[in-house]
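The values are calculated or read from the model by the stated rules, or taken from the named source; none is laboratory data. What you are looking at is a predicted structure, and each value in this text was computed from that prediction instead of being measured. Backbone-built Cβ (ideal geometry, glycine too); neighbour counts: all protein chains shown. To get the accessible areas, we keep the full protein, side chains included, count just its heavy atoms, and leave off ligands, DNA and RNA. Shrake-Rupley method; radii C 1.70, N 1.55, O 1.52, S 1.80 Å.
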Amino acid sequence: QVQLVESGGGLVQAGGSLRLSCAASGSIVSIYSMGWYRQAPGKQRELVARISSDASTNYADSVKGRFAISRDNAKNTVYLQTNSLKPEDTAVYYCTALVDGRRYWGKGALVTVSS
């Protein structure tokens, strides 16, 4: 079994920054991709960013130029640096990872951006 634990969420003013972290632990042979999704109240969960084992990245158009995803393979950890935050970035941010052919999800970290 694999566990993903997010940290770094919180309350921030518009224009501010937060750094989210997600550490994977458990029975892990290989992690192909890691990423972040978010779900705002009343909306569907959407991809924010993902990073593959070769460090290639994808971003939602709404966060390009403001967010940056990175990973530390030695620590099985993925990070999401969020800058220039806007009220519409308010959501629960979920970490996800494709581990040994199976997808896992964290429980989520709440990010609230006040105007």
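State the number of residues belonging to the range 49-83 that are charged (D, E, K, R) and touching a Cys at 6+ places or on another chain (Cβ under 6 Å). Lay out the reasoning, then the answer.
Of the range 49-83, the ones charged (D, E, K, R) are 50, 54, 61, 64, 66, 71-72, 75.
Checking the rest, the ones that are also touching a Cys at 6+ places or on another chain (Cβ under 6 Å) come to none.
Matching residues across the range 49-83 total 0.
Would the range 29-42 turn up any residue that is of a type outside the set (A, V, I, L, M) and in a helix (DSSP H, G or I)?
Quick first cut of the range 29-42, residues of a type outside the set (A, V, I, L, M) only: 30, 32-33, 35-39, 41-42.
So of that shortlist, the ones also in a helix (DSSP H, G or I) come out as none.
So far as the range 29-42 goes, no, none of its residues is of a type outside the set (A, V, I, L, M) and in a helix (DSSP H, G or I).
Where residues in the range 61-82 are within 25 Å of VAL2 (Cβ to Cβ) and not in a strand (DSSP E or B), which of them is most open to solvent (accessible area, probe 1.4 Å)?
Residues of the range 61-82 that are within 25 Å of VAL2 (Cβ to Cβ), as a first pass: 67-82.
Right, trim to not in a strand (DSSP E or B) and you get 73-76.
On the way: ASN73: 89, ALA74: 98, LYS75: 129, ASN76: 48 Å².
Only one residue fits best here, namely LYS75.
So how many residues does the range 43-60 have that are over 18 Å from GLU6 (Cα atoms) and not in a loop (DSSP other than H, G, I, E, B)? Quick ask: steps written out before the conclusion?
Initial filter on the range 43-60 (over 18 Å from GLU6 (Cα atoms)): 43-44, 52-60.
Subset that is not in a loop (DSSP other than H, G, I, E, B): 52, 57-59.
Counting residues in the range 43-60 that are over 18 Å from GLU6 (Cα atoms) and not in a loop (DSSP other than H, G, I, E, B) gives 4.
With the requirement that a residue be polar (S, T, N, Q) and over 12 Å from the mean Cα position of the chain (by Cα), what does the range 59-96 give you? Steps first, please.
Restricting attention to the range 59-96, the residues satisfying the condition of being polar (S, T, N, Q) are 62, 70, 73, 76-77, 81-84, 90, 96.
Correct list: SER62, ASN73, ASN76, ASN83, SER84, THR90.
The conditions are (1) open to solvent by 30 Å² or more (accessible area, probe 1.4 Å); (2) within 15 Å of GLN3 (Cα to Cα); (3) at pLDDT below 95; (4) not small (Gly, Ala, Ser), and LEU98 fails exactly one of them. Which is it?
(3)
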